[in-house]
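Notes for the one structure printed next.
The values are calculated or read from the model by the stated rules, or taken from the named source; none is laboratory data. These numbers come from a predicted model, not from an experiment. Positions of Cβ are backbone-derived with ideal geometry, glycine not excepted, and every protein chain shown enters the neighbour counts. Please note that ligands, DNA and RNA were not included when accessible areas were found on the heavy atoms of the full protein model with its side chains. Shrake-Rupley method; radii C 1.70, N 1.55, O 1.52, S 1.80 Å.
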Amino acid sequence: GLYALSLDFSAAGPLTPSYVVTPVITVVVGGVTQKAPLESFRAVPPFSWGSVVADGSNTATTFKVTGTFDDTTDSLKESLLVFIDNANRCQMRPVTAYDATTDFVTVGQGGFPTAPSANDRFLVVYR
């Protein structure tokens, strides 16, 4: 049958988007113990805030950002970026790359309808 499990854990420090957890389930049936790793996931709040930084090389696909997210390369990869105001409001694209050195994010699906402007705000939704 199907069983629902809850997962509780503690961390030595604050959880950031790069904090990956790989839980292991242990089942004992008839005195026989079986262990199996479950799918890894990022242990973070469901979203972070950010905004676009003015830069002459910003495009609809790649643009400079700042925000409350973890500032390590590709920490935003595979998350979703959703604009909450201005021209791209309510538009969502998957993040395909993030360069922490330059603070540029790259999105997929052909980019946003228009190049984001300075101070356009967005949410990063982790999956």
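What number of residues in segment 62-80 are modelled with pLDDT under 95 and part of a strand (DSSP E or B)? Quick ask: steps written out before the conclusion?
Our first condition is that a residue be modelled with pLDDT under 95; within segment 62-80, this holds for 66-80.
The next check asks that each one be part of a strand (DSSP E or B); those that pass are 66-67, 80.
Summing the residues that are modelled with pLDDT under 95 and part of a strand (DSSP E or B) in segment 62-80 gives 3.
Looking at (1) of a type outside the set (Phe, Trp, Tyr); (2) outside any strand (DSSP E or B); (3) at pLDDT 85 or above, which is the only condition residue 93 fails?
Among (1) of a type outside the set (Phe, Trp, Tyr); (2) outside any strand (DSSP E or B); (3) at pLDDT 85 or above, the lone unmet condition for residue 93 is (2).
Could you please find all residues in segment 57-90 being within 17 Å of residue 127 (Cβ to Cβ) and open to solvent by 50 Å² or more (accessible area, probe 1.4 Å)?
Selection gives 74, 77, 78.
Of the conditions (1) touching a residue at least 40 places away in the same chain (Cβ under 8 Å); (2) charged (D, E, K, R); (3) open to solvent by less than 40 Å² (accessible area, probe 1.4 Å), residue 121 clears all except one; give me its number.
Going through (1) touching a residue at least 40 places away in the same chain (Cβ under 8 Å); (2) charged (D, E, K, R); (3) open to solvent by less than 40 Å² (accessible area, probe 1.4 Å) one by one, residue 121 breaks only (3).
Pick from segment 32-56 the residues that are part of a loop (DSSP other than H, G, I, E, B), open to solvent by 70 Å² or more (accessible area, probe 1.4 Å) and not aliphatic (A, V, I, L, M): which of them is modelled with the highest pLDDT?
Residue satisfying both the conditions and the ranking: 56.
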